[in-house]
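All remarks here apply to the structure that follows.
Where a number appears in this text, it was derived from the coordinates with a stated rule and is not lab data. This is a predicted model, so every value here is computed, not measured. Positions of Cβ are generated from backbone atoms using ideal geometry, with glycine treated the same way; all protein chains shown enter the neighbour counts.
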Ligand code: OW7
C-alpha cells in the first residue's frame with residue numbers, strides 16, 4: 001500500500017488573480033513541491049523545470065490521447081474530432097508529425113522569408129506613421145493574421161474567423177465557464193468556415209496547405225487526414241504567434257535598455273524572441289493524461305488523471321535559471337522550453353521564430369524608442385497567454 005501523502009493546493013490556475021500574475025503563483029507552487037494536487041480542478045500540477053521535461057519526455061505514461069486541455073478524453077467526449085497530431089500518441093503520431101515537419105521545414109522557410117520581410121516592413125511603417133498606437137490591433141495582430149494564412153494558402157476574405165476559432169480551440173483547454181459557453185455559441189458557424197477552408201480546393205497552389213495535400217497524393221495520408229492537418233495549422237498557427245509577438249513587444253517596451261540593445265544590433269531579434277519565450281511564453285501550460293498509475297517525483301498519480309504542465313513556471317525556475325525574473329536578451333537561452341519539448345514540441349516553432357525575427361528586425365530598423373502609453377491588458381483565454389491591448393508611442397528612427 002502506498003503511504004505517499006499528496007501535497008495539495010487550492011490554487012486555481014484558471015482564476016483571474018492567478019492569470020494576472022502567474023509568476024508569483026508559480027513560485028508558490030514550486031515551493032510546495034514538484035507535483036501538487038490542485039483540488040479545485042482535480043488535476044496534478046508539475047512546475048519545476050526538470051520535472052516538466054521529465055513528464056514531456058515520457059509520452060508512454062503521460063499521454064496526449066487524453067486531450068490537449070483540461071477535458072479528459074478518456075472520460076469525456078471531445079468538443080471536436082481530436083487533432084491527429086496533438087491529441088495522439090505514437091505510433092499514429094509519427095506519420096502526421098513527419099508530414100507537418102516537412103511542410104514547415106527550413107526549405108519552406110527560406111522561400112517564405114522575403115514575403116514576411118515585405119509585410120513586416122509595411123505594417124511597421126504604418127504603425128510608425130501613426131506614432132501613438134494600440135500595438136495589439138494596430139501591429140501585433142495584423143502581421144501574423146496576414147503572413148500565416150498567406151503561407152498556408154487561405155483566401156483573404158473571412159480571416160477574422162481564424163481568431164474566433166483559435167479562441168475556441170485554446171478556450172477549450174480550460175474549464176467550462178460562462179465565457180466559454182458564450183464563445184461556443186459561435187462554434188457551428190465558425191467551425192464550418194474553418195473546415196471549408198481546409199479542403200484541397202480552398203488552398204492556393206504552392207502554399208503550405210497544398211504541401212499537405214501533396215503528401216496525400218503521395219499516399220502518406222488520406223484526403224480526410226490532410227484536411228485535419230490543415231485544421232491543425234488553422235488551430236495553432238495564428239493566436240500563438242500573435243500572443244508571443246505581443247508579449248515579446250511588451251517585454252521590450254518595459255525594458256528600454258533591452259530595446260536599445262536590439263535597436264543597436266538587430267541581429268539580436270531572434271535572441272530577444274527566444275528570451276521572451278522563456279520569460280513570458282504565450283503557452284504557459286499544457287496537459288497530459290496518465291495511461292497508468294505512476295510514482296512520479298514523490299507522488300502517486302492514478303491512471304487516467306490529468307497533469308497540468310507549467311512551461312511558464314519552468315522558464316522561471318531558479319533551480320535552472322540565474323535571476324529568472326530578469327528579462328535579458330543576451331542570456332544563454334539553451335534549455336528554454338516555452339515551445340514545449342519532446343515528440344509534441346511545437347512543430348511550427350521555426351516558422352514562429354522566423355515570423356518574430358523578421359518582425360523585430362523591421363521594428364528595430366524603424367523605431368528609435370518605444371514609450372509605454374498606458375497599461376496593457378491580458379486577453380481572457382485560459383489556453384494561451386497574450387495581450388488584448390498594448391498602448392505605445394513609437395518614436396521613429398532618424
Ligand atoms: C491542433 C499546443 C499547441 C495545438 C494547439 C491547438 C490545436 C492543435 C495543436 O498545439 O489542432 O493540432
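Data table
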| read-out | value |
| --- | --- |
| Single residue of 164, 124 found to be touching a residue at least 60 places away in the same chain (Cβ under 8 Å) and in a helix (DSSP H, G or I) | 124 |
| Within the range 350-381, tally of residues that are in a loop (DSSP other than H, G, I, E, B), surrounded by fewer than 22 Cβ atoms within 10 Å (Cβ to Cβ) and in contact (Cβ under 8 Å) with a residue 40 or more places away in the chain | 4 |
| Every pair of residues 6+ apart whose Cβ atoms lie under 9 Å, when the first sits in the range 44-63 and is free of Cβ contacts under 8 Å to residues at least 60 places away in the same chain while the second is buried (at least 22 other Cβ atoms within 10 Å of the Cβ) and assigned to a strand (DSSP E or B) | 58/288 |
| Residue 192 within 23 Å of residue 315 (Cα to Cα), out of contact with any helix residue (DSSP H, G or I) (no Cβ under 8 Å at 6 or more places or on another chain) and more than 12 Å from the ligand (Cβ to nearest atom) | no |
| Residues (away from the ligand (no atom under 16 Å from the Cβ), under 30 Å from residue 361 (Cα atoms) and assigned to a loop (DSSP other than H, G, I, E, B)) located in the range 267-303 | 280 |
| Pairs with Cβ under 8 Å, 6+ apart, first in the range 297-313 and within 26 Å of residue 21 (Cα to Cα), second exposed (fewer than 15 other Cβ atoms within 10 Å of the Cβ) | 306/42 |
| Output for the range 301-329, where each listed residue is closer than 20 Å to residue 11 by Cα and over 16 Å from the mean Cα position of the chain (by Cα) | 301, 305, 306, 307, 316, 317 |
| Lone qualifier among 353, 320, 369, 396 - being out of contact with any strand residue (DSSP E or B) (no Cβ under 9 Å at 6 or more places or on another chain) and more than 16 Å from the ligand (Cβ to nearest atom) | 320 |
| Some residue of the range 234-250 being in a helix (DSSP H, G or I), within 16 Å of the ligand (Cβ to nearest atom), under 30 Å from residue 66 (Cβ atoms) and out of contact with any helix residue (DSSP H, G or I) (no Cβ under 8 Å at 6 or more places or on another chain) | yes |
| Selection status of residue 270, surrounded by fewer than 24 Cβ atoms within 10 Å (Cβ to Cβ) and within 18 Å of residue 340 (Cα to Cα) | yes |
| Among the candidates 347, 341, residue that is in contact with a helix residue (DSSP H, G or I) (Cβ under 7 Å, 6 or more places away or on another chain), within 16 Å of the ligand (Cβ to nearest atom), part of a loop (DSSP other than H, G, I, E, B) and over 28 Å from residue 180 (Cα atoms) | 341 |
| Hits in the range 75-118 (condition: under 19 Å from the mean Cα position of the chain (by Cα), assigned to a loop (DSSP other than H, G, I, E, B) and within 15 Å of the ligand (Cβ to nearest atom)) | 82, 83, 84, 85, 86, 87, 88, 104 |
| Pick from the range 127-152, criterion outside any helix (DSSP H, G or I) and in contact with a helix residue (DSSP H, G or I) (Cβ under 6 Å, 6 or more places away or on another chain), ranking: surrounded by the most Cβ atoms within 10 Å (Cβ to Cβ) | 141 |
| Within the range 216-229, considering residues that are away from the ligand (no atom under 16 Å from the Cβ) and either in contact (Cβ under 8 Å) with a residue 60 or more places away in the chain or assigned to a helix (DSSP H, G or I) (or both), the one surrounded by the most Cβ atoms within 10 Å (Cβ to Cβ) | 216 |
